[in-house]
1. Look at residue 291 and say whether it is out of contact with any Lys or Arg (no Cβ under 8 Å at 6 or more places or on another chain) and open to solvent by 50 Å² or more (accessible area, probe 1.4 Å).
2. Output the number of residues of region 326-378 satisfying the condition of being more than 30 Å from residue 143 (Cα to Cα) and among the polar types (S, T, N, Q).
3. Quick check: is even one residue across region 330-347 free of Cβ contacts under 8 Å to residues at least 24 places away in the same chain, over 21 Å from the mean Cα position of the chain (by Cα) and either outside any helix (DSSP H, G or I) or under 25 Å from residue 187 (Cα atoms) (or both)?
4. Considering only residues that are open to solvent by 100 Å² or more (accessible area, probe 1.4 Å) and not acidic (Asp, Glu), look in region 346-378 and name the one that is nearest to residue 159 (Cα to Cα).
5. Take the residues of region 208-228 that are within 23 Å of the chain's Cα centre (by Cα) and open to solvent by 50 Å² or more (accessible area, probe 1.4 Å): which is nearest to residue 296 (Cα to Cα)?
6. Being surrounded by 15 or more Cβ atoms within 10 Å (Cβ to Cβ) and either in contact with a Phe, Trp or Tyr (Cβ under 9 Å, 6 or more places away or on another chain) or at negative phi (or both) is true for just one of 96, 28, 59, 16. Which residue is that?
Amino acid sequence: MSDGDVTARIRDGVAAFDADGWDACAGADNPFTTHAFLSALEESGSATVRTGWQPVPIAIDGPDGKPAAVMPAYAKSHSQGEYVFDHGWADAFERAGGSYYPKLQIAVPFTPVPGRRLLTRNAALAPALIGAAEQIVSGNGLSSAHATFITEEEVPLFERAGWLIRIDSQFHWHNEDYADFEDFLATLSSRKRKAIRKERAAAVEGLTVEHLTGEAITERHWDAFWIFYQDTGARKWGRPYLTRAFFSLLGERMADRLLLILALRDGEPIAGALNLVGTDTLYGRYWGATEEVPGLHFELCYYQAIDAAIARGLSRVEAGAQGGHKLSRGYRPVPTFSAHYLADPGLREAVAEYLRHEREAVTHEMRALEELTPFRKA
């Protein structure tokens with residue numbers, strides 16, 4: 001594909017790139033766009049043609065022959081594992097006689113974490129990556145391209161290219177230079193402070209909580225966590241998105257960027273939460289349990305994550321998609337963004353109108369939710 005003096009190419013997967021070359025574009029801030037994470041998804045059999053996530057990463061080389069800009073992209077045969085829901089768009093287009101699939105997905109598979117999708121050593125090449133995605137759509141008869149969980153800074157780049165912008169929300173916790181968890185609790189209403197202390201005490205009664213990272217995480221821990229993850233996946237999606245091999249590869253390649261929080265009863269793990277550590281953010285990703293313990297999910301996924309973020313001096317905790325229950329636990333609503341290129345003019349017009357109304361509703365809801373946060377009112 002060529003756009004003036006810029007030529008973009010498609011590779012068979014992120015694993016086909018030299019790790020240093022990919023990471024020179026991706027940077028180190030966000031662990032999910034690194035070569036280690038994305039190649040582990042491919043090599044473990046999690047993101048493959050078989051699972052409906054065919055890797056088609058896009059690259060633009062610099063004068064030195066190394067990648068100057070890259071984009072994690074996938075040819076999708078369904079809309080599962082994306083967390084930005086376009087099933088209604090697909091149904092409407094196919095009822096009108098169109099074929100919505102395959103489509104191009106610019107994303108980190110199964111990962112609703114905001115981050116850059118236009119990964120460049122030279123920021124001037126970002127529009128060329130967008131143009132390359134459009135050429136893939138038109139040149140291969142695809143219906144659309146979707147860049148999900150983009151950063152707010154990338155929104156104007158997609159807007160200038162004519163892509164439709166969609167807004168949603170998540171709940172993130174923000175560290176206001178707290179000394180410890182009690183320091184954070186002091187910012188909440190008295191009633192909420194008491195409720196959280198009581199909830200935390202009850203959740204861990206009779207249990208031990210461990211924080212593991214680096215070489216301390218062994219295959220024995222991954223075996224236990226795989227059982228937890230399977231249970232959650234079976235209840236949420238019918239089958240887990242990730243394979244057992246993925247977690248071993250993650251441990252081999254990114255151990256120092258992992259934080260595994262386990263709850264043990266009599267020395268045996270009964271629940272766990274896996275986090276990834278960014279430069280300034282703790283990312284809560286996967287959770288599961290073999291025992292039903294009231295409040296344990298909130299303890300491991302939210303409160304222990306806050307403890308860890310404060311101890312590490314991180315500025316925020318991102319605990320994944322959805323979950324209004326996070327609000328009462330000190331997580332605030334923040335906007336998330338995605339960009340959508342729809343080749344069919346009729347579909348584009350209909351979706352644009354839908355998004356206009358949806359943006360108004362999301363903005364109104366976020367304002368209302370902010371009023372419900374448990375923080376003391378001035």
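1. Details: out of contact with any Lys or Arg (no Cβ under 8 Å at 6 or more places or on another chain): no; open to solvent by 50 Å² or more (accessible area, probe 1.4 Å): yes.
In short, no.
2. Count: 2.
3. Taking every residue of region 330-347 in turn, none turns out to be free of Cβ contacts under 8 Å to residues at least 24 places away in the same chain, over 21 Å from the mean Cα position of the chain (by Cα) and either outside any helix (DSSP H, G or I) or under 25 Å from residue 187 (Cα atoms) (or both).
4. Quick first cut of region 346-378, residues open to solvent by 100 Å² or more (accessible area, probe 1.4 Å) only: 349, 354, 360, 364, 367, 371-372, 376-378.
Filter once more, keeping what is not acidic (Asp, Glu): 354, 364, 367, 372, 376-378.
Values: 354: 17, 364: 22, 367: 24, 372: 32, 376: 38, 377: 37, 378: 38 Å.
Checked region 346-378; the qualifying residue nearest to residue 159 (Cα to Cα) is 354.
5. Top of the filtered list is 211.
6. Values: 96 fails: surrounded by 15 or more Cβ atoms within 10 Å (Cβ to Cβ); 28 fails: surrounded by 15 or more Cβ atoms within 10 Å (Cβ to Cβ); 16 fails: surrounded by 15 or more Cβ atoms within 10 Å (Cβ to Cβ).
Testing whether each residue is surrounded by 15 or more Cβ atoms within 10 Å (Cβ to Cβ) and either in contact with a Phe, Trp or Tyr (Cβ under 9 Å, 6 or more places away or on another chain) or at negative phi (or both) leaves just 59.
Here is a yes/no grid of residues against (1) in a loop (DSSP other than H, G, I, E, B); (2) buried (at least 16 other Cβ atoms within 10 Å of the Cβ); (3) free of Cβ contacts under 8 Å to residues at least 40 places away in the same chain:
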residue	(1), (2), (3)
240	yes, yes, yes
287	no, yes, no
311	no, no, yes
325	no, no, yes
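The rows are residues; the columns are (1) in a loop (DSSP other than H, G, I, E, B); (2) open to solvent by less than 20 Å² (accessible area, probe 1.4 Å); (3) of a type in the set (A, V, I, L, M); (4) touching a residue at least 24 places away in the same chain (Cβ under 8 Å).
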residue	(1), (2), (3), (4)
142	yes, no, yes, yes
154	no, yes, no, yes
158	no, yes, no, yes
167	no, no, yes, yes
170	no, yes, no, yes
194	no, no, no, no
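The values are calculated or read from the model by the stated rules, or taken from the named source; none is laboratory data. Small disclaimer: the values here were computed from a predicted structure and weren't measured. Cβ sites come from the backbone with ideal geometry, for glycine too, and all protein chains shown count toward neighbours. With ligands, DNA and RNA removed, areas are computed over all heavy atoms of the protein, side chains included. Shrake-Rupley method; radii C 1.70, N 1.55, O 1.52, S 1.80 Å.
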